[in-house]
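Worksheet: the structure to be examined is printed underneath.
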Amino acid sequence: MTQLSVRHWTPKHVARWLKEEGFCDYVDLLCNKHRLDGTSLLALSEYDLRSPPLELKVLGDIKRLMMSIRKLQKQNMDVLEELGVPFDGLSPSSSGSNLEWLCNGDPGRDCDSTNTAPVGEEYQQYTNGKYKQQMRRLDPEYWKTVLSSVYVVFVFGFTSFVMVIVHERVPDMRTYPPLPDIFLDRSILLRRMCSLMGTVFMLRCITMFVTSLSVPGQHLQCTGKIYGDMWAKLQRAVAIWSGFGMTLTGVHTCGDYMFSGHTVVLTMLNFFVTEYTPRSWNFIHTLSWVLNLFGIFFILAAHEHYSIDVFIAFYITTRLFLYYHTLANTRAYQQSRRARIWFPMFSFFECNVNGPVPNEYCWPFSRPAIMKRLIG
């Protein structure tokens, strides 16, 4: 078999080669079921092994099999050239790790075609930055930003309506006194903020609806209130929504204690400031964290929420922000159909954002010396 050219191998030859390389367990799958011959073996990639219809599950076997295939490819470079199959030293085609997925879930173009530095005459253009500019170009997709804005506005309105519902079910303070509290008795960026804020507040709607807590302090004058028909509930919801649920605007609500919406907003703004400003802006980052923590402190000091409300709000907001940006920056979800099924909104908003959003800013005027010292 070793004297016969790989291009003339039949599935039986491939089966014998697999046995010699120590992959007897895959002979039936590759040779009998899928009739893999010598030519198709040379064109095989790691992406083919991981994806349907093969779907190999053992990572060690996948890596070892690919090493053997690459060794065989290297020994048959002339055959690959005649077949017109490119060989980059890793695999004859895209391994799937850099494959870009389209919004409909179909595999699209290979990102290596733009991320790999060109050779020859084009190398000078690469060093001049033209390819880097192409790599950093991001499609703002304004219509998705508008859609996410509509989403967060709708959720805010729905939250207001739920606050009207829970106001009707406030426990009587004489029967359920306050519980003891040991603590105190850019376009893409806007899209991400709206989607994250809307998702957290949607979760808040669910927790408020399923859990009714007694008021956290005696100073709060809260009793169950019946608004009558659906039209009255909607009018009250519009009043809460238009006033952003703030007491300063004349809005007074009860029952919305699990979990703190003010903490969500403060924490989300803080994380967006620290994530999307240059790392050298230490003063801005420190100030943002100080304001975030002071805001949480004053929410607790006012006894408008239990400590658990604030803690859960801070925890959920930070975890959701970090998980979202980890997936968005690493683009790991592109290779997982399961991620696109379980997180359809995330996949929809982020499918065309190629990598992290760069923290680059320019000043329209000369910065004063004091500004240079403060924010670098």
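Values computed for the structure shown
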item	result
Some residue of region 116-128 being within 29 Å of F348 (Cβ to Cβ) and either at pLDDT 85 or above or open to solvent by 60 Å² or more (accessible area, probe 1.4 Å) (or both)	yes
Within region 273-310, tally of residues that are of a type outside the set (D, E) and closer than 29 Å to L213 by Cβ	19
Pairs where the first residue, in region 339-359, is assigned by the TED database to the domain that holds L190 and the second is open to solvent by 20 Å² or more (accessible area, probe 1.4 Å) and part of a loop (DSSP other than H, G, I, E, B), C-beta under 6 Å, 6+ apart	C351/C103; N352/D139; N359/P278
Scan of region 303-332 for residues that are at pLDDT below 85, surrounded by 15 or more Cβ atoms within 10 Å (Cβ to Cβ) and under 20 Å from P358 (Cα atoms), ordered by number	L327, A328, R331
Tally, over region 295-324, of residues that are under 19 Å from the mean Cα position of the chain (by Cα) and more than 12 Å from M268 (Cα to Cα)	2
Members of region 173-202 found to be at pLDDT 85 or above, under 25 Å from F298 (Cβ atoms) and either of a type in the set (V, I, T) or open to solvent by 70 Å² or more (accessible area, probe 1.4 Å) (or both), listed by number	V200
Candidate set: region 18-47, residues that are of a type in the set (G, A, S) and modelled with pLDDT under 90; chosen: the one surrounded by the most Cβ atoms within 10 Å (Cβ to Cβ)	G38
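The values are calculated or read from the model by the stated rules, or taken from the named source; none is laboratory data. Just so you know, these numbers come straight off a predicted model, no measurement behind them. Cβ: placed from backbone, ideal geometry, glycine included. Neighbour counts: every protein chain shown. Please note that ligands, DNA and RNA were not included when accessible areas were found on the heavy atoms of the full protein model with its side chains. Shrake-Rupley method; radii C 1.70, N 1.55, O 1.52, S 1.80 Å.
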